[in-house]
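Quick one: structure below, then a few questions.
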Amino acid sequence: MSETTDGLAFGSLALALLGGALRVSTPFLFVSLGECITEKSGRINLGLEGTLVLGAMGGYGVSLLTGSPWLGVLAAGLCGVLMGLLHGGLCSLPKVNDIAVGIALMLFGTGLAFFLGKPLIQPQAPMLPSVELGAWSDDEQIRSALRINVLLPVGLALAGLLHWAFRASRWGLALRLVGDNAAAARALGYPVVPIRIGATAAGGFLAGVGGAFLSLYYPGSWNEGLSSGQGLMAVALVIFARWNPLRCALAALLFGAAGALGPALQSQGITAGYYLFNAAPYVLTLALMAASWTPGQTLAGAPGELSFTQR
Amino acid sequence: MDALTHTLLAADVQDRGAAVEAYRVTKRFGALTALDEVSLKVEAGSFHCLLGENGAGKSTLVKCLVGYHPPEEGSFLVDGREQAIRSPRDAQRLRIGMVYQHFTLAPGMTVAENLLLARGDLPLRIDWRREKAALAAFLASTPFRLDLNARVADLAAGEKQKLEILKQLYLGQRLLILDEPTSVLTPAEADEVLGLLHGMTRDGRLTVMMITHKFREVSAYGDSVTVLRRGKLAGSGKVGELTTQDMAEMMVGSAVFVATAPRRRAADPERKTGEIRLAVDRLCADNDRGMPAVRELDLVVRAGEIVGIAGVAGNGQKELIEVLLGQRSARGGALRVDGETYGATRAELRRHGVFSLPEEPLRNACVPTMSVAENMGLRDFDIAPFSGGWLSLRFLRRGALTRRAKEWIEAFGVRPPDPSAAIENLSGGNVQRAVLARELSGAVRLLIVANPVFGLDFAATEAIHRRLDQARNDGAAILLVSEDLDELLELSDRILVMSEGRIAHQVLAGYVDVAEIGRHMAGGAGHGTGH
């Protein structure tokens, strides 16, 4: 008896994890792709956590006001662009450190979102629609696991597009050059500062869209504990993914699955250590960071202009 | 004749080397006048050499010419017409290209990507198959061989230099400016590169302007020469009409002795060397990417000798030096100094009298933002007489540090003579002098030296060589790693050739066969670090 139920339990646990990964990974995906663009240009934007929260608030608010969740997504992206421009502009001033500015903007973004978002905690805004990939199945569990948001396939396609663009488009090559050796870029006549500001703004746009997913799809409301550090984890994820957009997408799914571990176990009736399992993404972040840093070596694939690769 | 050849020929007819003139060019950086009304004339299709000591303004002048630092006053004439060169784009439009002293390649990108990015008119979407074929065809038209798919970070220094030059040739430049192009090349590589460029000037296709310190290169390849001193024009002329002595006088402003190759006398085989000071036993170390760079290397340095290590850059010399200086941990093997296990700790360095002149001293031997006096005190600021005092709390005695710094600045000729100046604001040669003062003024028993004269003018070079020779005669054991074979031949008692992380060849100074050394250097040259 116990063997068959164990098999079943394992199957549905795997299914719950898959469903969780597909549901939870979208913000990780967008923020990490955004950060990937920014870091390829040679700057680190730690403020994406703030951008994510501000995007969530802005997207929710605009969706509530206009009744269109897609306008909300757009507004969230524009919030992100503004935050990105602020970061990019500040970092272009002489002797300004991008990491310090990032931390300041993280606090600024979340603070501003909490301040402006107070009236948004109660009302219910229109949500983004979902796509039923599991419609073929009779099993409710499979259907719920494969119920995804359009933003997920968009994000995955974007990862593929970025992977191609970094390698084989004028903009991608110029971006990588600026991030790899700014002096060389300047000598060749590429505008270093505008490219970096543009990359940071584009990164902000994606992070903002990731925020809209949080408030307009899953969990699907605006409150102050919405992000719980996902923006920061996504930044760490870029390092683990070695600045490769495809690996960013894989890592985002992995983080999504880790984030779904607690709820999935709970749905199987395992309640012991619920909060411990909820900490899985954070533990995963620490473990991956420790595994991907080797002392005394520069990281393979790291853009040469990043402040932590400079010796 | 097919269409392609036809276009190429047509392009050749158009592509004559550019004639360039600078007229009373002045460039200031704050209070410093780096260039003071300098004029120069470079004829079309000539090989022009720009000579001068460190800080003479050579680099500033060419950076003005390529639009990197637009000058405050003066003008440039290209093919007789005045041209405003305000940005690198302007220079690119005039087809003036520069090969910088410090590499301007993107290390994380491939050879092909670096070449393509240099072109500047990239299509929005890049068809890599077509571009790679075109690049391969271009490469085949030059004598250089590089792997298009190799990451630049994996190339040896010599290969990077070739890529820099290839980049400019790829752009079809009419004037090529080279800033000390051979400082990282082996003599054979240098002759190959300069010979090729010289050939292109003979065809009239290219004008070359080369900054150099090496008179040998001026006499072998130059047509005409311009000499700068302290930001001013010191003289110019045709190479055939000027002697080395004339040029040296223009450079330093007075007649000085120029070492025109009296190489070190053959070492006396009977010469007494002392006890073993440094013993390296089966040392293994990895490079930054975790690949083996030093492989089971053995060597011994005795008191009273200079052991020179020759080799093409990237064959493990850098990693060896870093292990000896404590900047990198070894993966295997043992180091012994005076017979005791050595781990490059501060206490061991002090006990055994180990000193060092690493390459890039600003990065490897200094704290850039600290003052000259503080940097000169880095070895001994924490012991008497520079610290001490009340309750033996080891307070720093700044007065004592500054007084000593003043003595050393005087003795070693550091400019500006200001102990409180941040060392990062000094020129390369003066940083080197300041470090030299710190490292050679103590009781030196073992000295580890890497490329000590990289980028220095000949007066500074002579001074450093004299001091190394003196230290050896005083009984120090010296390990000298250099990419300049002439320097090794001049100084060393024994020469070891390092290739692929091992000692490939060993020879006493009196029995050197340069061709033999070259063969052993080349043994691992092309693929020294890739695997």
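The values are calculated or read from the model by the stated rules, or taken from the named source; none is laboratory data. Note that this is a predicted model, so its numbers are computed, not measured. Cβ coordinates were reconstructed from backbone atoms using ideal geometry, including for glycine residues, and neighbour counts include every protein chain displayed. Note: accessible area is taken over every heavy atom of the protein model, side chains too, but ligands, DNA and RNA are not part of it. Shrake-Rupley method; radii C 1.70, N 1.55, O 1.52, S 1.80 Å.
Name the pairs: first residue in region B:282-300 and under 24 Å from A:Gly304 (Cβ atoms) and open to solvent by 10 Å² or more (accessible area, probe 1.4 Å), second residue of a type in the set (Lys, Arg) and modelled with pLDDT under 95, Cβ to Cβ under 7 Å, at least 6 apart or on different chains?
B:Asp286/B:Arg331
The rows are residues; the columns are (1) among the charged types (D, E, K, R); (2) farther than 30 Å from B:Val481 by Cα.
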{"position": "B:Tyr170", "(1), (2)": "no, yes"}
{"position": "B:Thr212", "(1), (2)": "no, no"}
{"position": "B:Asp223", "(1), (2)": "yes, yes"}
{"position": "B:Thr226", "(1), (2)": "no, yes"}
{"position": "B:Gly231", "(1), (2)": "no, yes"}
{"position": "B:Gly237", "(1), (2)": "no, yes"}
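Further question on the same structure: Taking region B:121-133 on its own, how many of its residues are surrounded by 14 or more Cβ atoms within 10 Å (Cβ to Cβ) and either outside any helix (DSSP H, G or I) or more than 11 Å from every other protein chain (Cβ to nearest Cβ) (or both)?
Total satisfying the criteria: 3.
Going by what's in this entry, would B:Ser356 be described as of a type in the set (Gly, Ala, Ser), in contact with a strand residue (DSSP E or B) (Cβ under 9 Å, 6 or more places away or on another chain) and open to solvent by 50 Å² or more (accessible area, probe 1.4 Å)?
no
Quick one: B:Ser236 ticks every box in (1) open to solvent by less than 40 Å² (accessible area, probe 1.4 Å); (2) closer than 30 Å to B:Leu32 by Cα; (3) among the hydroxyl-bearing types (Ser, Thr, Tyr); (4) at pLDDT 85 or above except a single one, so which number is it?
(1)
If B:Val239 passes every condition in (1) out of contact with any strand residue (DSSP E or B) (no Cβ under 6 Å at 6 or more places or on another chain); (2) touching a residue at least 60 places away in the same chain (Cβ under 8 Å); (3) under 13 Å from B:Leu50 (Cα atoms) but one, which one does it miss?
Looking at each condition in turn, B:Val239 falls short on (1).
Separate question: Among the residues of region B:325-334, is there at least one that is in a loop (DSSP other than H, G, I, E, B), buried (at least 20 other Cβ atoms within 10 Å of the Cβ) and at positive phi?
No, that holds for no residue.
Scan region B:131-144 for residues that are over 18 Å from A:Leu173 (Cα atoms) and touching a helix residue (DSSP H, G or I) at 6+ places or on another chain (Cβ under 7 Å) and jot them down.
Listed by number, the residues that qualify are B:Phe138, B:Thr142, B:Pro143, B:Phe144.
Could you grab me the full set of residues in region B:100-151 that are β-branched (Val, Ile, Thr) and touching a residue at least 24 places away in the same chain (Cβ under 8 Å)?
Passing the criteria: B:Thr104, B:Thr110, B:Val111, B:Thr142.
Collect the residues in region B:501-519 that are surrounded by fewer than 21 Cβ atoms within 10 Å (Cβ to Cβ) and within 18 Å of B:Leu297 (Cα to Cα), keeping them in residue-number order.
Residues satisfying the conditions are B:Arg502, B:Ile503, B:Ala504, B:His505, B:Gln506, B:Val507.
Considering each residue of region B:339-385, count those that are under 25 Å from the mean Cα position of the chain (by Cα), under 16 Å from B:Ala405 (Cα atoms), aliphatic (A, V, I, L, M) and outside any loop (DSSP other than H, G, I, E, B), and give that number.
Counting residues in region B:339-385 that are under 25 Å from the mean Cα position of the chain (by Cα), under 16 Å from B:Ala405 (Cα atoms), aliphatic (A, V, I, L, M) and outside any loop (DSSP other than H, G, I, E, B) gives 2.
Here's another thing I want to ask about it. Being part of a loop (DSSP other than H, G, I, E, B) and either over 11 Å from B:Ala285 (Cβ atoms) or modelled with pLDDT of 95 or more (or both) is the requirement here; does B:Gly304 meet it?
Yes: the conditions hold for B:Gly304.
If you take just the helices (runs of 4 or more DSSP H) that sit entirely in region A:239-311, which of them hold at least 3 residues that are surrounded by fewer than 21 Cβ atoms within 10 Å (Cβ to Cβ) and either modelled with pLDDT under 80 or within 14 Å of chain B (Cβ to nearest Cβ) (or both)?
Qualifying helices (runs of 4 or more DSSP H): A:280-292.
Taking the condition more than 24 Å from B:Leu206 (Cα to Cα), out of contact with any helix residue (DSSP H, G or I) (no Cβ under 7 Å at 6 or more places or on another chain), modelled with pLDDT under 90 and not in a strand (DSSP E or B), does B:Ala18 pass?
no
Starting from residues that are free of Cβ contacts under 8 Å to residues at least 60 places away in the same chain and assigned to a helix (DSSP H, G or I), keep the ones in region B:168-188 and report whichever is least open to solvent (accessible area, probe 1.4 Å).
Step by step, filter region B:168-188, then rank; the result is B:Leu169.
I've got another one for you. From B:Ala91, B:Ala106, B:Ala112, grab the single residue that is open to solvent by less than 10 Å² (accessible area, probe 1.4 Å), out of contact with any strand residue (DSSP E or B) (no Cβ under 9 Å at 6 or more places or on another chain) and either within 29 Å of B:Gly30 (Cα to Cα) or outside any helix (DSSP H, G or I) (or both).
B:Ala106
Let's see how each residue does on (1) part of a helix (DSSP H, G or I); (2) not hydroxyl-bearing (Ser, Thr, Tyr):
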position	(1), (2)
B:Thr201	yes, no
B:Arg205	no, yes
B:Met210	no, yes
B:Arg216	yes, yes
B:Val225	no, yes
B:Leu233	no, yes
B:Ser236	no, no
B:Gly240	yes, yes
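Restricting to region A:135-182, name every residue that is touching a strand residue (DSSP E or B) at 6+ places or on another chain (Cβ under 7 Å), more than 14 Å from every other protein chain (Cβ to nearest Cβ) and open to solvent by less than 60 Å² (accessible area, probe 1.4 Å).
A:Ile148, A:Asn149, A:Val150
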